[in-house]
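Colleague: For reference, the structure I am asking about is given below.
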Amino acid sequence: MKRIFLQIWHIASPADRVIIIATFLLASGSFFFFRSGNDDRTEVWISVNNRLKYRVLLSQDRELSVQGQLGAVHIRIQDKKVWVTKSSCPHKICMRMGKISKAGQMIVCVPNQVVITLRSCHKNLNLDVITR
């Protein structure tokens, strides 16, 4: 891989080298810009039976428990991530969904009818499309 890159680099003109470097810097800069999408104002919304039970900042570490259809669902918020630690549902799919940390992600426990959603507090950032 390194050898191929060096061969291309020696063949490239100075203008080509400038374009290659600029493209690399732009790509790496946009990667870090979009990767840092999580801020201190992201909220965790926990709903049971389509009713909002908790609305907590993702930056606040805590453990919560909500009562679902089949029993308790234990939720942990820590290090700006949220996940289900214990659930009374039969297949434990909500526990295997892992940790979420970005606005728009969600964990759903269908048997318990519990939905955990991460939402941005910024105005209009939770919208996908605006139509008229």
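Quick note: the coordinates plus some simple rules give every number you see, no bench work behind them. As the structure is a prediction and not an experimental result, all values here were calculated from the model. Positions of Cβ are backbone-derived with ideal geometry, glycine not excepted, and every protein chain shown enters the neighbour counts.
Colleague: Using the basic label-point model (7 angstrom from Cα toward the beta carbon), what is the Ile8 to Ala27 distance in nanometres?
Modeller: 0.8 nm
Colleague: Follow-up question, since we're still on this one. If R₀ is 22 angstrom, what is the calculated FRET efficiency for the pair Ser65 and Cys121, using the beta carbon separation as r and rounding to 0.05?
Modeller: Computed FRET efficiency for Ser65 and Cys121: 0.35.
Colleague: Could you give the length gained on full extension between Asn49 and Lys86, defined as 0.36 nm per residue of separation minus the Cα-Cα distance, in nm?
Modeller: 11.5 nm
Colleague: Under 5 Å between amide hydrogens, which residues at least 5 positions from Cys89 or on another chain qualify, with H placed 1.01 Å from N in the peptide plane?
Modeller: Result for Cys89 returns nothing.
Colleague: How high is the relative contact order of the stretch 1-111, given as a whole-number percent (alpha carbon pairs under 8 Å, six or more residues apart)?
Modeller: 15 percent
Colleague: Also, quick follow-up: Taking the Cα centre of the stretch 42-120 as origin, sum charge times position over the Cβ atoms of Lys and Arg (+1) and Asp and Glu (-1), and report the length of that vector in debye to the nearest 20.
Modeller: Taking the Cα centre of the stretch 42-120 as origin, the dipole is about 80 debye.
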